[in-house]
Amino acid sequence: MTPVLAQATEGGAAELWTFIIVGAVALGSAFGLILMRNAVHAALMLVLNFLAIAVLYAVLQAQFLAVIQLIVYAGAIVVLFLFVLMLLGVSREDSLTARVPGQKTMASVLGVLLFVSLAAATAGPFLGDASVCGSEEALTGTGDGVPCLGLAAVNAAEGNLRGLGFLLFTDYVWAFEVTAVLLVIAAIGAIVLGRRQEDPSELVEPGSTVLPARRGSGSAATEPGAGPTDADEGAATETSEATPSEGEERT
Amino acid sequence: MSALAQQLPAGVEIPEIPWAAISPELTLFGAGILVLLLDTAGERRRSASAIALVALLGIAALAAIPGEAAPVVVALLIGAGVVQLALTLWLHTRPRLLGAVLTVLAFAATIGIAAWQYQAAANGGPVATESLLADMVAVDGVALFTRFVVAGAGIITVLLGFAYLQDRRIHRGEYYPLLLLTATGMTLLASAADLLMVFLGIEILSLALYVMSGIARRDMASQESAFKYLLLGAFSSAFLLYGIALVYGATGTTHIATAGAELADPATPAGLVFAGIALMLVGFAFKVALVPFHMWTPDVYQGAPTPVTAFMAAATKVAAFAAFLRVFTGGMEQLAWIWVPAVSVLAAVTMIVGAVLAVVQDDLKRMLGYSAVAHAGYAAIGLVAVSDIGTGATLFYLLAYAVMSLGSFGILTILERRQRKAIAIADLRGLGQRAPALAAMFALFLLSLAGIPGTVGFIAKFGIVRAAVDAGLVWLAVVLVVSSVIAAYFYIRVIVAMFMDEEPAHLADLPVPPASAASTGVSVAAVAVIALGVLPPAVIDLAERAATFAG
Amino acid sequence: MSVPAGYYLILAAALFSIGAVGVLIRRSVIVMFMCVELMLNSVNLTLVTFARINASLDGQVLAFFVIVVAAAEVTVGLALIVNLFRLRASTDADQVGALRA
Amino acid sequence: MTGLAEGAAVVAPAGSPAAWAWLMAVVPLVSAAVLLLVGRRLGRAAPWVAILSAGFSLTLAVWAAVWLAGREAAERTVVHTVATWLPAGELEVDWAVLVDPLAVAMSLLVTGVGLLIHVYSLGYMEHDSDIPRFFAYLNLFLGSMLVLVLGESLLTLFVGWELVGLCSYLLIGFWFDERPNASAAKKAFVINRVGDVGFMIAMFLLFGAIGSLSLVEVLPAAEGLAGGTLVAVGLLLLLGATGKSAQIPLFVWLPDAMAGPTPVSALIHAATMVTAGVYLIARMSPLYVQIPEIGLVVAAVGAATALVAALIAVAQNDIKRVLAYSTVSQLGYMFMAVGVGAYSAGIFPLLTHGFFKALLFLAAGSVMHAMADRGDIREMGGLLRDLPITGGTAAIGTLAIAGFPLTAGFFSKEEILAAVADTAGGEVILAIGLVVALLTAFYMARWFALVFLGPRRFEELDHPPHPHESPLSMTLPLVLLAVASLGGGVLNLDPETGVLAGWLAPSVVAFEQTAAIIGHGLLEAIAIVLALVGLAAGVLLFRAGPREVSASAAPAVRFAQDAFRVDELYRAAIITPGHWLAVGLTWFDERGIDGAVNGAGRATSGLATAGARLQTGFVRSYALAVLIGTVLLIAGLVGVWMAAGDGIVLTGGW
């Protein structure tokens, strides 16, 4: 943590300047993300955005999360994105024009509406000087401009990391355990969807029967040894993808 | 343990782990991991199974230390381990069958545990409520009822899928673990007493369902449905999460009951309350498929492998509604004046749009997808009634819908095996002659979906209507009736095709669908449709008593 | 002069809306996913801000869980996209539209 | 007022037929299930299972009638609860039967005619390949109809109501090798559902207002209902009744339903199911008595239907369609009666019409049987010689329906006209009733003359059939029904003191009659003259065969032949717009989000856009919908909050 940031967490002018600069970076990179035509550039914008948010976390007295943000998001998730982009080799220019004209206009209008309503709803009560950090007194208006500590006291007592740790393993222990399920599923999912080749022998139970396609075509059961191939996989629904690129050229 | 406790700062308490309360989740999750392990162990399945047995014994030894129910738990664990070892020894050369059997056993055990908890909790009265594990887990009527339905649907799904997956060459080892894990997510969601657990539950169940929808890797339809589901699911859960964040911001807590009470406090900033409710509504409306957040439903239902669709329709809906009920009817009862009008309008629009759009569909899975949308609208009426009657009615409706949709999608799995393609209405012509039993059962499910008396669909709709009238929402009841009249038209269309159209030559060449595990599953559903339609008191009673929320 | 908490919330709302718009206007499915990540991050920023406002660490814990969920979602999502690309040789969202009435 | 209107029901004594009445419905239902499941294995025994169960029900019904007749009038409303159906808090719906004079009268008709038609089908369906299924449906219908008639709560009644609709649908579509049958079946189902909406909503309203669905509780409470609720319930029930009883505006399904096998037409579409609407209104008489003006609406609907259907019937050439429109017309007559609150006058023709209309349909079936399934009456003629029994009984039926003096139809028609004549404001209805009486006699005489009299025109056909009298199983029911048509009048020789009127008194509440538009004696004389004139004109004009229509009258006749083109009207007014609405909504749902966006630009982008709009299923459109929904939801909640005013106190920066 740089001295600047450490100072910023104390509040004051440093915090304001940090917010203005980092906020501008965050906004700019977010716009970059959705406007850059090259997907790799977009990913880099995303990294920048994540870094900016990490700084804001630090300012908001969430030191542990700031670090996690760097490691997990900037370090792992975006790298994963980039990895896939490279793997697929689709770094060429991406068109922003929609199939259906009007999508962009509509999206922008709705985005503005959403922003206005969300900003008004969330920020409304917390804009005054008194609500620098929105402490209880500030909210009720009793603590007339008292310098607000926010999480400082909490963090000072145990330290941000220890405090989070205690919470995670006491109040949130069940949620913490349950994320195991989530991660297992993610791993299985990646394997199921990402694995390139199937082992044919795994696919069909020995001795099981498969319906013949037509009543007339020979015996009811295929021989167990007749290794079904991966190519058969889609046979059942071939019709649904009969003309894959119909009309794709029209854009 | 005590040494650790001494290091804790004052005010920090380690919550007690209520093993009994969370045992259904543990069972499902454990079974999922076990099936996964046995599948990946390849030739060494027997040794892997033995290791798993030893691990279970270890857990049993751990469990033997605290608690009164310890002997029961230990005996159950050891028994389960022995059964699993025996099954592995017997079936180790047929991994899919082994997985399927273990999955069914796990679901059956979940039903057993839930029944035991129900018994313990309710002696004729409403199910008692408990908030456990630092107020993260709610063991109450809604949670227990959902466990019943989810586990029951799981068993039937396994029956429906076995031969189907085999035929399509997508009978992969990961299928059963995924099924168990998504069921885990559903029971977690249904018993979530905290908004964080709601979010995690939704994510767990969805993530597993995304993968299951896309399990046919070579099939573009399946991939497309998985992709749409995932992208839109992630998109909408961002809204849900934002809503949760706002509730947290307004109240300083994510515990549903506490937050609900705090939100109703006039001192709470109004903007946060409104935006929070609206955004959470988006998340839930997406999951239960209310218009206009329904658009993924027909596409995903159509593209996903049919047994997966069946499970999605039957179980996801009940789990999502359970959480919906808990958060809105349970937690935010005092704020009903804000959200009831909005949800009422959503429900009304959903009922009409779902029914009208289903009329013009030809693909049966897609038609049933739209019909699912309409049914979500019906079930939502019980929600906006904001009463015990309404909650009970919604729960019963979801049970009924689970039975009907498992049945009808089950029929489709059988037919798809026969024809090796997606089924359009025209493909059903003459089925009444070719396979009368199958066609009769399909007709039964469709009539039940249409709400014809004598079937469970009627009883369920009647319960909903009663709740609506009771709550003074007669106009919603009227919309329901109008919608179900429109719906009758497309259900009847299918029946006409089956019984009153000539069978075209190319269909006559196909073999008659053989009896299989899937027929068993479908028959069970058919019996349930009739039994619950004619003499439903016991189950209605169950649902009404389940209308309790842990505070 | 220090920063009112509301500013952070406005920034988060802006990032959220930008992310939502991004999902709607981008054609590359990978970039669409990135936009969803942006939305989740803005929620995290909101949570962390509220944690400071409420002077409780719970918001930070929530954000921590959100990061876990986001990571899991990205894993599955990217695996799906890779597989989709194998079938279609494209990452254009507008070319995935076979399922319709 | 006694009986049901005051909620004075007694519990059925154990061992009494009332306590066993539920078996009346259950036995045919069980038999239907057995036949459906194992019918094919039963072989030739299958029909007999069905006939025996119908016979069982009839026996039980007779026993119940005798038992009930032996009790005090005040004790003739008996309830027996079999099982709890929906245990739901303060609302509990039971599987319970209500045995009262009205229910017993109806069940006698249903089981009696039902049994005869079972027997008749034995001969008629002899050569069909799927006899067990047919008899299963017949039994299913019988059971459902009895559920309707005996049900103690509106909900049970509704179960029967829906199930008979389903059976009708199954039976119309029984011969599904022909496309018209399937579409007729679908039409019947859907139109019936429209009517059912009315029933259901009325049921909810009553439930909402009274908190119960049990007839024993609802009917006495009807008195205390608010005027608005009463009117709404009355009209909605009327809508339900028009659907089931084929009245304007929902009558179009019935003539098409004639595509089904003839015994079905006789049983369901003439004698029993279609009378359910009349039964419903009679059953709800304590409610309608509160709102006589709505009753007048009922009567007006009935009169209009009677007239329109009679006019159409004059121009029909299909042997069964004439009868079908005649049924619609006669049902209109019954609606007139119940509408003016003369319930015994309404139920009376319900019974007699059951006899002679079943008779006519069965006779028509017998004729078609003999004519190798030809149905055009212009190709018949002179059949009386070949089919003496059929022809003779059909003649009796024709006389009865025309209201020839001393037949059953005569008495029932007189009663209706008399009741209307006693009602204030009934002048127009009465006039229509008289016109319809003339028309009825005329078209029935035409029908009879074309079929049974005159030259044998069918001999000139390409493949002339060789008519022969039907087997005993078919002629026996004809003869029995003919006897009933002749002598059925004894049931109620006098509207005030007749057997039926006295019998029904505990079940229904009649309006107080206030006016006397015309003397009863004169009215009777006019009606007799009209009937005779109609009969004579019909026979004389058509004895020689079908007549050429003069050029000036041709359009009108064709219009009537096409059933006033009501089907086309409906198609244009409802079905087509509905279809386009569905298509449009689909379009909007799946591609229209985009389409709506660029609505303005569409004119310029032209075909390219049109092509692009067809590219649907885009995930981004769906995401757009989610976003639109979100914004609307936020706006909506804020709107609710604004509307609620100071429901919540503003704090902070707001």
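What to note about this one:
- Segment D:1-137 shape via C-alpha gyration tensor axes, a/c threshold 1.5: prolate
- Highest-first arrangement of B:47-58, B:487-498, B:290-301, where packing means the average Cβ count within 10 Å: B:290-301, B:487-498, B:47-58
- Relative to the Cα centre, the charge distribution of chain B, modelled as +1 at Lys and Arg Cβ and -1 at Asp and Glu Cβ, gives a dipole magnitude of about 1540 debye.
- Peptides B:457-470, A:35-48, D:130-143, B:400-413 ranked from most to least packed, by the mean per-residue count of other Cβ atoms within 10 Å: B:400-413, B:457-470, D:130-143, A:35-48.
- Using alpha-carbon coordinates, inclination of helix C:29-54 to the longest axis of chain C, degrees: 10 degrees
- About the centre of its Cα atoms, segment B:15-121 shows a dipole size close to 480 debye [charges on the beta carbon of Lys, Arg (+1) and Asp, Glu (-1) only; nearest 20 debye].
- In sequence order, segment D:113-127 has phi-based couplings of 4, x, 4, 4, 6, 4, 5, 4, 4, 3, x, 5, 9, 2, 9 Hz under the Karplus curve 6.51 cos²θ - 1.76 cosθ + 1.60, θ = phi - 60°, and Gly or Pro positions carry x.
- Placed amide H near B:V137: partners under 5 Å, 5+ positions off or other chain: B:L132, B:A193
- In sequence order, segment B:222-232 has phi-based couplings of 5, 5, 5, 5, 4, 5, 5, 4, 5, 5, 5 Hz under the Karplus curve 6.51 cos²θ - 1.76 cosθ + 1.60, θ = phi - 60°, and Gly or Pro positions carry x.
- Each Lys and Arg Cβ is given +1 and each Asp and Glu Cβ -1; about its Cα centre, segment D:337-493 then shows a dipole of about 100 debye.
- Backbone amide hydrogens, once placed in the peptide plane, bring D:T84 within less than 5 Å of D:W95, excluding anything fewer than 5 places away on its chain.
- Overall form of segment B:371-473 per C-alpha gyration tensor (a/c, 1.5; a/b vs b/c): prolate
- Peptides B:432-440, B:97-105, D:330-338, D:537-545 ranked from most to least packed by the mean count of surrounding Cβ atoms within 10 Å: D:330-338, B:97-105, B:432-440, D:537-545.
- Ratio Rg/Rh [Cα only; Rh per Kirkwood] for chain C: 1.11
- Proximal lysines to B:K421, defined as alpha-carbon separation beneath 24 angstrom and excluding residues fewer than eight positions away on the same chain: B:K228, B:K365
- Anisotropy class of chain B from Cα gyration tensor, a/c 1.5 cut: oblate
- Long-range HN-HN contacts of A:N38 with modeled amide H, under 5 Å: A:D94
- Estimated vicinal HN-Hα couplings, Hz - segment B:146-155 in sequence order (Karplus 6.51, -1.76, 1.60; Gly, Pro = x): 4, 4, 3, 5, 4, 5, x, 4, x, 4
- B:L165, D:L491, reordered so the largest accessible area comes first (probe 1.4 Å): D:L491, B:L165
- Cα centroid of segment B:496-551 to Cα centroid of segment B:318-384, whole Å: 22 Å
The values are calculated or read from the model by the stated rules, or taken from the named source; none is laboratory data. Just so it is clear, the structure is predicted and the values come from calculations on it, not from any experiment. Heads up, the Cβs are rebuilt from the backbone with ideal geometry, glycines too, and the neighbour counts pull from every protein chain shown. When the accessible area is computed, the model is the full protein with side chains, heavy atoms only, and any ligands, DNA or RNA have been set aside. Shrake-Rupley method; radii C 1.70, N 1.55, O 1.52, S 1.80 Å.
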